[in-house]
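The block underneath contains the structure these notes are about, expressed in structure tokens.
The values are calculated or read from the model by the stated rules, or taken from the named source; none is laboratory data. Remember, predicted model here, so these are calculated numbers, not experimental data. In this analysis, Cβ positions are derived from the backbone assuming ideal geometry, glycine residues included, and neighbour counts consider all displayed protein chains.
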Amino acid sequence: MHNKDNKNIILTGFMGTGKTTVGKLLAKKLQREFIDTDALIETRQGRTIQAIFAESGEAAFRQMETDIARELGEKEGLVISTGGRFMLNPANIQVLSNSWIFCLVAAPEELVARLTRDKENRRPLLDVPDPGERIIALLQERQKGYQRFIQITTDNKPPEDVAKILLEHITHNS
């Protein structure tokens, strides 16, 4: 199922919406390289995002994201999963605008359930007394930015179904 269109496919959205899981499935189906921007930053920095935030601050991390965006904007044929705020930065959007950009969305309750189950990936932004309240506040804050992209709901859908929906969208709109 090859697509003549070799534009990058970018998955953005809030943490816990399934960007990495769905991105890996999509890349496999399309026989494309998969890149998770957070994992790429961690590999290059030799430390976790949590450590980057703690040692260098959020501004340094956001600059790393912008550098990665510039680099990825010069490539094609990739499936890219981004950090939750990555595509809210106008500079990142500009260098990646010639891509398919999808925003994966899920209800706040679903996000709380997924993120509290995920013990492996600690989220610095959710290191607060009430993560549920924090998620709702962050979603409201980012809603306008996320709305500029094609929305794909991941609630109550296995990642395979979400990947299928994305494939159909790309195939029918190429």
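Here are the numbers:
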| read-out | value |
| --- | --- |
| Residue match in region 101-114 (condition: surrounded by fewer than 13 Cβ atoms within 10 Å (Cβ to Cβ), under 30 Å from Asn173 (Cα atoms) and under 16 Å from the mean Cα position of the chain (by Cα)) | no |
| Some residue of region 160-170 being over 23 Å from Met87 (Cα atoms) and of a type in the set (Lys, Arg) | no |
| Selection within region 1-40 - of a type in the set (Phe, Trp, Tyr) and part of a loop (DSSP other than H, G, I, E, B) | Phe14 |
| Identity of the residue in region 128-159, among the polar types (S, T, N, Q) and more than 15 Å from the chain's Cα centre (by Cα), that ends up farthest from Thr82 (Cα to Cα) | Asn156 |
| Selection from region 1-14 of residues that are under 18 Å from Ala69 (Cβ atoms) and touching a helix residue (DSSP H, G or I) at 6+ places or on another chain (Cβ under 8 Å) | Asn8, Ile9, Ile10, Leu11, Thr12, Gly13 |
| Selection from region 40-51 of residues that are at pLDDT 95 or above and either in contact with a helix residue (DSSP H, G or I) (Cβ under 6 Å, 6 or more places away or on another chain) or not β-branched (Val, Ile, Thr) (or both) | Leu40, Ile41, Glu42, Arg44, Gln45, Gly46, Arg47 |
| Lone unmet requirement of (1) at pLDDT 95 or above; (2) not polar (S, T, N, Q); (3) not in a helix (DSSP H, G or I) for Asp161 | (3) |
| Of residues in region 128-150 being not β-branched (Val, Ile, Thr) and not in a helix (DSSP H, G or I), the one farthest from Ala107 (Cα to Cα) | Pro129 |
| Residues satisfying the stated conditions in region 157-172, i.e. exposed (fewer than 15 other Cβ atoms within 10 Å of the Cβ) and without any contact (Cβ under 8 Å) to a residue 12 or more places away in the chain | Pro158, Asp161, Glu168, His172 |
| Members of region 41-86 that are of a type in the set (D, E, K, R), surrounded by 19 or more Cβ atoms within 10 Å (Cβ to Cβ) and either free of Cβ contacts under 8 Å to residues at least 24 places away in the same chain or in a helix (DSSP H, G or I) (or both) | Glu65 |
| Residue within region 101-113 that is at pLDDT below 95, outside any helix (DSSP H, G or I) and out of contact with any Asp or Glu (no Cβ under 8 Å at 6 or more places or on another chain) present | no |
